[in-house]
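Visitor: Got a structure for you, written out below as structure tokens; questions coming shortly.
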Amino acid sequence: MQEHSLTTAIKLASNENPYDPLPSVLAELAQASRAINRYPDHRATAVREALAGRLGVTPAHVAVGCGSVGLLQQLLLAFADPREEVLYAWRSFEAYPIYTAIVGATEVTTPLRFHGLDMAALTKAVTDRTRVVLVTSPNNPTGTAVRHDDLVTLLEAVPPSTLVVLDEAYHEYVTGLHAPRAMELLSRHANLAVLRTFSKAYGLAGLRIGYLMAHPLVVGAVDQVLVPFAVNGMAQAAALASLRHDDELAERVGDTLAERRRVQAALRQLGFSTPDAQANFVWLPAGESAAALTLKLETLGVVTRPFPDEGVRVTIGTPAENDRFLDAFEAAVEPLELAAHWRLPTGRLAGAVQGWIDRIDAADTRLLAHAGTTHTGLTDPDPGGTEQWDADQVWAHLAEIGSYWLRELEQVVDAASTEPVAFGRVKANAGRIAAIEEGRHRDVVGNLTLALRNLHALRAYLAGLSASDWRRVGVHQTLGEMEVAGQLQEFHVGHVEQHLDQLDGLAQE
Ligand SMILES: *Cc1c(COP(=O)(O)O)cnc(C)c1O
């Protein structure tokens, strides 16, 4: 404030929770402060038990540490000997190179793709020297979540002697159903460790307490290198109190999520697309303008986190803080010529991306409504065809089209070719018919879940596409050449909408 002669400034630089601590948590902290002449419980037993109850595991599956970075250090100490390899994507969390260096291990990194972790590259980079793989979801600073299925592929590819660490510091903010379902994976993979924290959604960054879920043998190894009394008593008391007041905290997380959505949409309205934000921050892919943008925002009293020549990370704050950020951003657009260096769609294309995302969200809402509706009868024959379906067949189709067509779209984009790339299938395709036959015997919730996961994966993917990705052309055997937008209309978003219309027609009044 002094530097820029300001009377007020806001800090949106460290992904903290913008709200004051809960009064009930403060009250219990006051109580706990009377015991600071005593050493705390070294193992934080009560916190482990409370977490285990919450997560549906035994306390032997849970470790508690001095922040999740404290646990990360313990993990690396326990599992990565000097000169052994620690693998992670980069750009990611800045603690990774620091702790890798502290334990004397060798870092191996893979570049990001679509502003997120490139899980295929990460999987390919695993060798028999890889001791630990760090998977950050959502990634800091880009905010994107990895796909559950891609994490499964990685877990199946690594040897059992390689530890996979899923860093989910922002887990409570994740809304995309395509994201990892860690609890499902923990029971199947003894070499998976999941890190979470009270620092972000729980608003206890200053007290330093995080936790880890893993096989009891991993927890045991981590506990052996726990610094005595690393988790202080105030932190333990606050964590316990926070777990008791989960509902109040969930409400605040809900406010942040609504604001995240608003900020992303507002940025696209201003002509600047951002990658799919799954945490409590947005990534501004400003490229060479990143440092200048941070400085400009700072002179207007908005402190953000720059990554020079890459982008700027902006924490979602209170509604008033976010308004101030959006005003400051708007003031920076022209003087800094932000559009020239922005690494995602700008201008009209950014607005078009938001249009697709709004349609995906609307389809999401319609799918949910149909899951609670009774349907009867058969659909009309499809245009130019003879297929007449009952609702179960429509649901089965809705459940399978997303994953099939997303793979086809990815294939067209990945080819990065100036020539049209062959893609797609026709209605008589045997795989299509078999998938519908199989899926019609699944219950509605099962099909709904698959359909939503596919839509969320598509939404995340689209938000990461660059302007040149949007211009890729595929060639379909009967429909001919089409750009990405044409494919979305025909096979993805427009296609889902068409089958939702069929469900509308079968819905009983
Ligand atoms: C903020 C953050 C953490 C949290 O660290 P704590 O030590 O729990 O405060 C961990 N991982 C990532 C990726 C983060 O961004």
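Values quoted throughout were computed directly from the atomic coordinates according to the rules given, and no laboratory measurement underlies them. Everything numeric here is computed off the predicted structure, so don't read it as measured data. All Cβ positions, even for glycine, are placed from backbone atoms using ideal geometry, and neighbour counts span all protein chains on display.
Visitor: Could you tell me whether region 58-217 comes out rounded, prolate or oblate from its Cα gyration tensor? Rule is a ≥ b ≥ c as square roots of the eigenvalues, rounded for a/c under 1.5, then prolate if a/b exceeds b/c, otherwise oblate.
Guide: Note, shape of region 58-217 comes out rounded.
Visitor: Under the classification rounded if a/c is under 1.5, otherwise prolate if a/b is larger than b/c and oblate if not, where does region 417-476 fall, given a ≥ b ≥ c as square roots of the Cα gyration tensor eigenvalues?
Guide: Because a/c hits 1.5 or more and a/b fails to exceed b/c, region 417-476 counts as oblate.
Visitor: Placing +1 on the Cβ of each Lys and Arg and -1 on the Cβ of each Asp and Glu in the chain, which of Thr379, Ile98, Pro82 has its Cα farthest towards the positive end of the resulting dipole?
Guide: Of Thr379, Ile98, Pro82, it is Pro82.
Visitor: For region 309-349, how big is the tail of P(r) above 12 Å, as a whole percent of Cα pairs?
Guide: Summing the P(r) of region 309-349 above 12 Å gives 68 percent of all pairs.
Visitor: Please work out the Cα center distance from region 381-396 to region 438-509, rounded to the nearest Å.
Guide: So the separation of the two Cα centres works out to 16 Å.
Visitor: Still on this model: Please arrange Phe329, Phe307 by how many other C-beta atoms lie within 10 Å of their C-beta, fewest to most.
Guide: Phe307, Phe329
Visitor: Within region 458-487, which trypsin sites (Lys or Arg not before Pro) sit in a loop by DSSP and count at most 14 neighbouring Cβ atoms inside 10 Å?
Guide: Sparse-neighbourhood loop trypsin sites (Lys or Arg not before Pro): Arg471.
Visitor: Could you state, as a whole-number percent, how many of the C-alpha pairs of the chain are farther apart than 30 Å?
Guide: Cα-Cα pairs in the chain separated by more than 30 Å: 53 percent.
Visitor: Given region 253-304 reduced to its alpha-carbon atoms as identical point scatterers, what log10 I(q)/I(0) does the Debye formula return at q = 0.23 Å⁻¹?
Guide: After summing over all Cα pairs, the log10 values are -1.00.
Visitor: Bins of 10 Å, beginning at zero and ending with the bin holding the largest distance: percent of Cα pairs per bin for region 122-253, please.
Guide: Answer for region 122-253: a P(r) of 11, 38, 36, 14, 1 percent.
Visitor: Using amide H atoms built in the peptide plane, which far-off residues or other-chain residues are under 5 Å from Phe272 H to H?
Guide: Under 5 Å from the amide H of Phe272 lie the amide H atoms of Gly347, each far enough along the sequence or on another chain.
Visitor: OK, next. Tell me the Kirkwood radius of region 210-315: reciprocal of the mean inverse pair distance over distinct alpha-carbon atoms, in Å.
Guide: 17.3
Visitor: Work out how much length Ile36 to Ala485 would gain on full extension: take 0.36 nm times their residue separation and subtract the Cα-Cα distance, in nm to one decimal.
Guide: 155.5 nm
Visitor: Let me ask another. First measure r as the distance between the Cβ atoms of His441 and Asp358, then evaluate 1/(1 + (r/R0)^6) with R0 = 30 Å and state the FRET efficiency to the nearest 0.05.
Guide: For R0 = 30 Å, the calculated efficiency reads 0.35.
Visitor: Could you check the simple spin-label distance between Ala101 and Asp255, using points 7 Å along Cα→Cβ, in nm with one decimal?
Guide: 3.9
Visitor: Quick one: if the Förster radius is 45 Å, what FRET efficiency do Asp128 and Arg471 give, using the C-beta to C-beta distance and rounding to 0.05?
Guide: 0.65
Visitor: When Ser92, Ser466, Ser24 are ordered from fewest to most other Cβ atoms inside 10 Å of their Cβ, what list results?
Guide: The most exposed by this proxy come first: Ser24, Ser466, Ser92.
Visitor: Follow-up question, since we're still on this one. Test of understanding: ordering Lys427, Lys296 by Cβ neighbours within 10 Å, fewest first, what list do you get?
Guide: Values: Lys427 12, Lys296 19.
Least crowded to most crowded, the residues run Lys427, Lys296.
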